[in-house]
Amino acid sequence: ADVLMTSAHARERRPKAVLFDYDDTLVQTRQSKYRALRALGSRHYSLELAAADIDRHWGIAYKELFRALFGAVEPNLARAISRYEALDGEFPMIAYPDTLDTLSALADRGLIGVVTAAGRSIVERQLRELGFPLTRLAILQTAEDTPHHKPDPRVFAPATAALMQRGVDLSQTAYVGDSLKDFQAARDAGMRFIGVLRGTTSSEEFSAAGAETVESLDALLERF
């Protein structure tokens, strides 16, 4: 009887849709992009960026990141961004080992989607190169879809509107991310949040904020 009750509770708790943060949740962005940003600085601006320099600004809006890191040496931010994006092939994104299998398993159970502040063309290309199940994503929300950024809960408006059209409301949706900004945005939007421990936020920091956590993405399969 206890097993049956546990199984029923798991089904009750299982969300109909799971949305994912992209950078540092599904893919190892910091490892890849820190190297690219440091290469941009040294090759074009005689600027030697340390990881700590990037850490201070990581997670802010895309253009603001370049303004913070390169604004003092490059008045034309579009040029800095163009030079950075030209380095993309040299510093390819790498998915976490548990990403693809977890996404596929969850797509068998319900709707899955990605909500990211990165640009659509870059994200779609990276997803294809990494072998992501693009056709199985119910939602791919990118920088072009909203002017809002986490921790502002309005960042989820396009994604949640699309889910509502499919008959899924916020109480049936979970968001998975790696940062406190992810948690704050999801909480204030009314979604269940699960933090994955990727090194950006510790279990203690998530716990102090009241966030549920998993050690890795594949552990989500036990929660849902």
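A few comments on the model shown:
- Scan of region 167-178 for residues that are at pLDDT below 95 and either out of contact with any Gly (no Cβ under 6 Å at 6 or more places or on another chain) or among the small types (Gly, Ala, Ser) (or both), ordered by number: 169, 171
- For residue 135, the conditions (1) farther than 28 Å from residue 152 by Cα; (2) at pLDDT below 95; (3) buried (at least 16 other Cβ atoms within 10 Å of the Cβ); (4) not hydrophobic (A, V, I, L, M, F, W, C) are fulfilled apart from (3).
- The helices (runs of 4 or more DSSP H) located wholly in region 22-123 that include 3 or more residues which are more than 18 Å from residue 198 (Cα to Cα) occupy 29-45, 62-70, 77-85, 99-109.
- Residue selected from region 138-164 under the condition of a type in the set (A, V, I, L, M) and not in a helix (DSSP H, G or I), by the criterion farthest from residue 61 (Cα to Cα): 138
- Some residue of region 167-175 being under 17 Å from residue 117 (Cα atoms) and not aromatic (Phe, Trp, Tyr): no
The rows are residues; the columns are (1) in a helix (DSSP H, G or I); (2) at pLDDT below 95.
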{"position": "184", "(1), (2)": "yes, no"}
{"position": "188", "(1), (2)": "yes, no"}
{"position": "195", "(1), (2)": "no, no"}
{"position": "201", "(1), (2)": "no, yes"}
{"position": "204", "(1), (2)": "yes, no"}
{"position": "208", "(1), (2)": "yes, no"}
{"position": "213", "(1), (2)": "no, no"}
{"position": "222", "(1), (2)": "yes, yes"}
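- Test: residue in region 81-89 that is in contact with a strand residue (DSSP E or B) (Cβ under 7 Å, 6 or more places away or on another chain) and of a type in the set (Phe, Trp, Tyr): no
- Some residue of region 169-178 being charged (D, E, K, R), open to solvent by 30 Å² or more (accessible area, probe 1.4 Å) and touching a residue at least 12 places away in the same chain (Cβ under 8 Å): no
- Each residue in region 114-149 was checked for being among the polar types (S, T, N, Q) and over 21 Å from residue 17 (Cα atoms), and 2 of them qualify.
- For residue 5: the one exception among (1) of a type in the set (A, V, I, L, M); (2) at pLDDT below 95; (3) farther than 24 Å from residue 171 by Cβ; (4) in a helix (DSSP H, G or I): (3)
- Among (1) over 14 Å from the mean Cα position of the chain (by Cα); (2) farther than 18 Å from residue 27 by Cα; (3) small (Gly, Ala, Ser); (4) assigned to a helix (DSSP H, G or I), the one test that residue 167 misses: (4)
The values are calculated or read from the model by the stated rules, or taken from the named source; none is laboratory data. Note that the structure is a prediction, hence the values are computed from the model and not measured. Here the Cβ is made from the backbone with ideal geometry for all residues, glycine too, and neighbour counts use every protein chain on show. Accessible surface areas use protein heavy atoms only, side chains included; no ligands, DNA or RNA. Shrake-Rupley method; radii C 1.70, N 1.55, O 1.52, S 1.80 Å.
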